[in-house]
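**Student:** What follows is a structure written as structure tokens; I'll ask about it next.
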Amino acid sequence: MAMCYQPIGVMDSGIGGLTVVRELQRLLPGEDLIYFGDSANCPYGNRTPDQIEQLSKNILGFLEESGVKVTAIACNTISALADRLIPAFSHKIISIVIPAANAVVFEGLREVGLIATEFTVQSGAYEQLIHEFDPSIEVFSQGSPLLAWLVDRGDFNDDEIDTEIITQIDKILARRKVRHIILGCTHYPIIGQNFARCYPGVTFIDPALEQTKAISRYLGQQHLLSDRKQGRFVICTSGDPQVYLQVVRRLGLREPDEIRVVKL
Ligand code: DGL
């Protein structure tokens, strides 16, 4: 049985899930967090479903062994395969796509853009979930084969980032001048300023807050919320820890208590 002082697991193919950590630290500061970012294998979004499933199961196995009470899949690409992952583990796993799709519906948007990895777009997960609630909402989706990889390298001044943003967002706006676009890859809010600078008239939706609210609701219902003032924050990565520290500072996160290189 899960206990309130067990950590929350947060997983991503790389640094993107730190945007979910930002919301978790704001909303649930007393929770211990254990983060796994698989930068050695990032991007996942250009891989096959079987590869993504295997890599994700390795991370979920690691987090389960670390004794988490719940895991946030802080990655839209992995969340698109949630149905293949959740039954293989005994702890609670919460996707990022479902709460984000719910938020679009409850905001009352009639049309929305989506920029995400090619895998997430091809999976149709956002359209399917949004249309389960309301089939009349129009979704204009566009995949980027490059953006998650460019961001995961940690060079946020790279001109290629703005070029790729403009290339893909212009394709959405050519189909419909939407006012709201979902950042359907957790790497993208790290460069939220670039999106806002390139498209000041568009509201970009970051799904991290909705996922964090879903986690908070689950823990509350199960009486599993920690009552500590401040939790421990541990980062595990298969990549370069320096890039993680750079993003921690860029996003204004609490410094990790521990950062470890882990090869699964
Ligand atoms: N952060 C992941 C997502 O939300 C990045 C995907 C990737 O590794 O391609 O989709």
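**Student:** Once the principal axes of the Cα atoms of the range 2-49 are found, what is the range along each, listed largest first in whole angstroms?
**Tutor:** The Cα atoms of the range 2-49 stretch 36, 23, 16 Å along their principal axes.
**Student:** Work out from phi, with θ = phi - 60° and the Karplus expression 6.51 cos²θ - 1.76 cosθ + 1.60, the ³J(HN,Hα) of each residue of the range 153-168, listed in order in whole Hz, and give x for Gly and Pro.
**Tutor:** Each residue's phi maps through the Karplus curve to give 6, x, 9, 7, 9, 4, 4, 4, 5, 5, 4, 5, 4, 5, 4, 7 Hz.
**Student:** Across the chain, how large is the tail of the calculated P(r) beyond 30 Å, expressed as a percent of all Cα pairs?
**Tutor:** Working: 7738 of 34716 pairs.
Within the chain, distances greater than 30 Å cover 22 percent of Cα pairs.
**Student:** Given labels modelled 7 Å from the Cα in the Cβ direction, how far is it in nm from Glu160 to Arg249?
**Tutor:** 2.4
**Student:** Hey, another quick one. Working from Cα positions, state the angle (0 to 90°, nearest 10) between the long axis of helix 49-65 and the longest principal axis of the chain.
**Tutor:** 30
**Student:** Between Ser90 and Lys57, what length in nm is gained on full extension when 0.36 nm per residue of separation is reduced by their alpha carbon distance? If you can, show how the numbers build up before the last one.
**Tutor:** Working: separation 33, 0.36 × 33 = 11.88 nm, distance 1.23 nm.
Going from the current span to full extension adds 10.6 nm.
**Student:** Which far-off residues, 5 or more places away or on another chain, put their amide H under 5 Å from the one on Ala80, with H placed in the peptide plane?
**Tutor:** Excluding prolines and chain starts, which carry no amide H, there are no hits.
**Student:** Using amide H atoms built in the peptide plane, which far-off residues or other-chain residues are under 5 Å from Leu251 H to H?
**Tutor:** none
**Student:** If you put +1 on each Lys and Arg Cβ and -1 on each Asp and Glu Cβ, how big is the dipole of the range 169-211 around its Cα centre, in Debye rounded to 20?
**Tutor:** 300
**Student:** For a test of the definition: using alpha carbon positions, the gyration tensor, and the 1.5 limit on a/c, classify the range 183-264 as rounded, prolate or oblate.
**Tutor:** Since a/c reaches 1.5 but b/c is at least a/b, the shape of the range 183-264 is classed as oblate.
**Student:** Can you give me the angle between helix 241-250 and the longest principal axis of the chain, using Cα atoms only, in degrees from 0 to 90, rounded to the nearest 10?
**Tutor:** Orientation of helix 241-250: about 70 degrees from the principal axis.
**Student:** Got a sec to turn the phi values of the range 224-235 into Karplus ³J(HN,Hα) couplings, 6.51 cos²θ - 1.76 cosθ + 1.60 with θ = phi - 60°, whole Hz, x for Gly and Pro?
**Tutor:** So the Karplus estimates, Gly and Pro as x, are 10, 6, 6, 9, 6, 6, 9, x, 7, 10, 10, 10 Hz.
**Student:** Using only Cα atoms and rounding to the nearest 10 degrees, what angle (0 to 90) does helix 208-221 make with the longest principal axis of the chain?
**Tutor:** 40
**Student:** Another question, if that's okay. No solvent, one uniform scatterer per C-alpha: report log10 I(q)/I(0) for the range 1-111 via the Debye equation at q = 0.14, 0.16, 0.22 1/Å, two decimals.
**Tutor:** For the range 1-111, the Cα-only Debye profile gives -0.56, -0.73, -1.24.
**Student:** Which one of Leu60, Tyr5, Pro29 is farthest out on the positive end of the charge dipole of the range 1-64, using unit charges on Cβ (Lys, Arg +1; Asp, Glu -1) and the Cα centre as origin?
**Tutor:** Pro29
**Student:** Between Val70 and residues 5 or more places away or on another chain, which pairs have amide H atoms under 5 Å apart, with H built 1.01 Å from N, and which residues are they?
**Tutor:** Sorted by chain and number, the residues that satisfy this are Gly9.
**Student:** Ala174 versus His223, label points 7 Å from Cα toward the beta carbon: distance in nm?
**Tutor:** 5.8
**Student:** Based on the alpha-carbon gyration tensor of the range 109-223 and its eigenvalue square roots a ≥ b ≥ c, which shape applies: rounded if a/c is under 1.5, prolate if not and a/b is larger than b/c, or oblate?
**Tutor:** Cα axes put the range 109-223 in the oblate bin.
**Student:** Further, regarding this structure: Each residue of the range 125-139 in turn: what ³J(HN,Hα) in whole Hz from Karplus with 6.51, -1.76, 1.60 and θ = phi - 60°, glycine and Pro shown as x?
**Tutor:** 4, 5, 4, 4, 5, 5, 6, 4, 7, 8, x, 8, 6, 8, 10
The numbers here are math on the coordinates, done by the rules we state, and not lab data. No experiment lies behind these values; they were computed from the predicted model shown. No Cβ is skipped: glycine too gets one built from the backbone with ideal geometry, and neighbour counts run over all protein chains shown.
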